[in-house]
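Readers should treat all values here as calculations from the given coordinates under stated rules, not as data from a laboratory. All figures in this text were calculated on a predicted structure; none of them were measured in a lab. Here Cβ is always computed from backbone atoms with ideal geometry, including for glycine, and neighbour counts include all displayed protein chains.
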Amino acid sequence: MSETHLYPPSAEWQATAHVKGMAGYQALVDEAEADHEAFWARLARELLSWKTPFTKVLNDSDAPFFKWFEDGRLNVSYNCLDRNVEAGLGDKTAIIFEADDGAVTKVSYSELLARVGTLANALKAKGVKKGDRVVIYMPMSIEGVAAMQACARIGATHSVVFGGFSAQSLRDRVNDAGAVMILTADEQQRGGKSLPLKAIVDEALADGACPSLKDVIVYKRTGGKVGWTEGRDAWLHDVTANLSATCEPEWVEAEHPLFLLYTSGSTGKPKGVQHSTGGYLLHAALTTKWTFDLKPDDVFWCTADIGWVTGHTYIAYGPLALGGTEIVFESVPTYPDAGRFWQMIEKHKVTIFYTAPTAIRSLIKAAEGNESVHPKRYDLTSLRLLGSVGEPINPAAWEWYHQHVGGGRCPIVDTFWQTETGGHMITPLPGATTLVPGSCTLPFPGITAAIVDETGNDVPNGQGGILVVKKPWPSMIRTIWGDPERFKKSYYPAELKGYYLAGDGAIRDAQTGYFTITGRIDDVLNVSGHRMGTMEIESALVSCTELVAEAAVVGRPDDTTGEAICAFVVLKRPRPTGDEAKAIAKTLRDWVAKEIGPIAKPKDIRFGDNLPKTRSGKIMRRLLRSVAKGESVTQDTSTLENPAILEQLGQAY
Ligand code: WTA
């Protein structure tokens, strides 16, 4: 630790933050340690409004299927909208929406409540009921957030699918969830281009591929031409016309599934992570309050897409539950140029800014190549806090973010968490924690994060191991939709003593006990902060049955995207080289984009007559990882069936 810079919180931060100084942090940790359930119960009463107060806190009788606040009833949309209006915030801006072309639309809490009420009535009129699943395949928009809130209002379980996923991915998710409706848009507008959404929905639903699906509701974003299926498709503006804006919230049990969100795991099939209503909303609100220190005058900007969990917790729910003002941004950080983020911070006087290391790294590159998009060209003095999420942030990027974006005065909260955890797990609190670049520091109060070995025994600080959470917490994943066995196997393996297995490796600093995440310990890659399963990409490649005989996918480090996808492919035809190899590599990339989405395109493709296997037929993945990195192979290759192919695999296309 001696060479790293330490950034203690300023006296002002310690005095004014929601959690004041290390003493404030420690008091909360002690409170949770003394009585885990009483701690969470107190906060659930303080932060949420309950229609029926809960009397039971944690039910662990069917562990690991934990239940929190199970006899309480509440409604998420009531908590995010009505109660803010009732508290006198009706005219306060809830969302500042900035479109691709820079046009700004603001909605107040009263207006958002009315939109959500109207849309909720429209869903009801279409027959959507409590417990039905509704897929949302929409661009970043006020309508997208309203769609999520409207589902919550009537107790429908939403499943947002990122707008970059292909028809095939969308179809799989609709079918796995058994969704009755898709909310979508004609097109999305990003970086000056219109990209189809409705056309992809049509393709996903073609030939009766989704038997559960009855209705498609289309928000007109661009006015581009779309296909139409009578009886199934309806325009959002038509179904909401003349409907009342008042919709009585459906008061659901705390355990009622608020949403499913599909994410990648170690096997080929994405899993539908199921979240609850009460416990999830509690952590969304609490982490927004303590980690982001959200205050009434803040302008909060989380740059994530609503298609990812970060956009759920820190756009659709957390800031609204606290009556905050937030930005929703339609476009990309590089349009019209790489100064867009900085220009928007200046324009909207953003105070809290939360983004991913990949974005920071690519904006560093852009700023180094072009002075005019350097953050110093903009007035960023409104900022008071910065955040990072999705992947480890390397110290150099951290320092740049701190100095050039935060002006040396804004703490950076490096928040470690996952789709499955619902909200922050290990993170600095800005008025308490001394920051160390590259470390997500200490567990959030009430989160019993620890590092253990393969048998669940604690490992000493300074020694790496497996990241677990020892006790259940309110916003944890409840199950994998339709596959409780997979839930148990993935997150509560028998050998880990009933601890939650995060799937990441970590190490704690010998002196400070600070956590540093060392990367996934399973077959999950993190590319630009997006989770991708290697098996998922392998399945996509081998489904190209005309060309591909066999494929193996591994990750390699990448300066900008964190990790890059490398595919090793054996074709059903002789191994190509030169231009032919380039052409086939392009075909395969396009194929993967069509199967999963452009984010899953392999960066490198390498062709071999075979894949390196042991004599017992196991693919030698460790060896492939070395090859992918461009390392000279020093491993013992004597067990390799055909050592000659290592040379073939040396060439990437
Ligand atoms: C990684 C995103 C290091 C980690 C919220 C985790 C991080 C996976 C950090 C979850 C961080 C997320 N430092 N690694 N601050 N945040 N990760 O489900 O590997 O898309 O398991 O959730 O991202 O990705 P997911």
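Here are the numbers:
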{"quantity": "Proximal lysines relative to Lys376, as straight alpha-carbon distance under 23 Å, when same-chain residues fewer than 8 apart are discounted", "calculated": "Lys347, Lys349, Lys365"}
{"quantity": "Rounded to whole Hz, the Karplus (6.51, -1.76, 1.60) HN-Hα couplings of segment 101-109, x for glycine and proline", "calculated": "7, x, 5, 10, 10, 10, 10, 8, 4"}
{"quantity": "Value of relative contact order over segment 162-226, rounded to a whole percent, pairs C-alpha under 8 Å and six or more apart", "calculated": "44 percent"}
{"quantity": "Segment 476-552: trypsin sites (Lys or Arg not before Pro) in DSSP loop, at most 16 other beta carbons within 10 Å", "calculated": "Lys497"}
{"quantity": "Alpha carbon convex hull of segment 375-466, volume per residue in cubic angstrom", "calculated": "124 Å³"}
{"quantity": "Neighbourhood net charge (12 Å Cβ-Cβ; Lys/Arg +1, Asp/Glu -1) for Ser439", "calculated": "-1"}
{"quantity": "Dipole moment magnitude, nearest 20 debye, segment 355-458 about Cα centre, only Lys, Arg, Asp, Glu C-beta charged", "calculated": "580 debye"}
{"quantity": "For the chain, alpha-carbon Rg relative to the globular expectation (2.2 N^0.38 Å, N residues)", "calculated": "0.94"}
{"quantity": "Dipole of the chain [Lys/Arg +1, Asp/Glu -1 at C-beta], most positive-end residue of Thr55, Val405, Ala114", "calculated": "Ala114"}
{"quantity": "Charge sum, other residues only, whose C-beta stays under 11 Å from Val252's C-beta, Lys/Arg counted +1 and Asp/Glu -1", "calculated": "+1"}
{"quantity": "Within the chain, longest stretch clear of exposed GluC sites (Glu not before Pro) (DSSP loop, no more than 16 other Cβ within 10 Å)", "calculated": "4-229"}
{"quantity": "Share antiparallel - DSSP beta bridges, the chain, percent rounded to 5", "calculated": "60 percent"}
{"quantity": "Simple label model, 7 Å out from Cα along Cβ direction - Ser543 to Asn642, nm", "calculated": "2.7 nm"}
{"quantity": "Helical mean residue ellipticity (222 nm; -39500 (n - 2.57) per DSSP H run of 4+; nearest 500) of the chain", "calculated": "-8000 deg cm²/dmol"}
{"quantity": "Principal axis dimensions, largest first and in whole angstrom, of segment 293-412 by Cα", "calculated": "40, 28, 27"}
{"quantity": "Percentage relative contact order, the chain, counting C-alpha pairs under 8 Å, at least six apart", "calculated": "13 percent"}
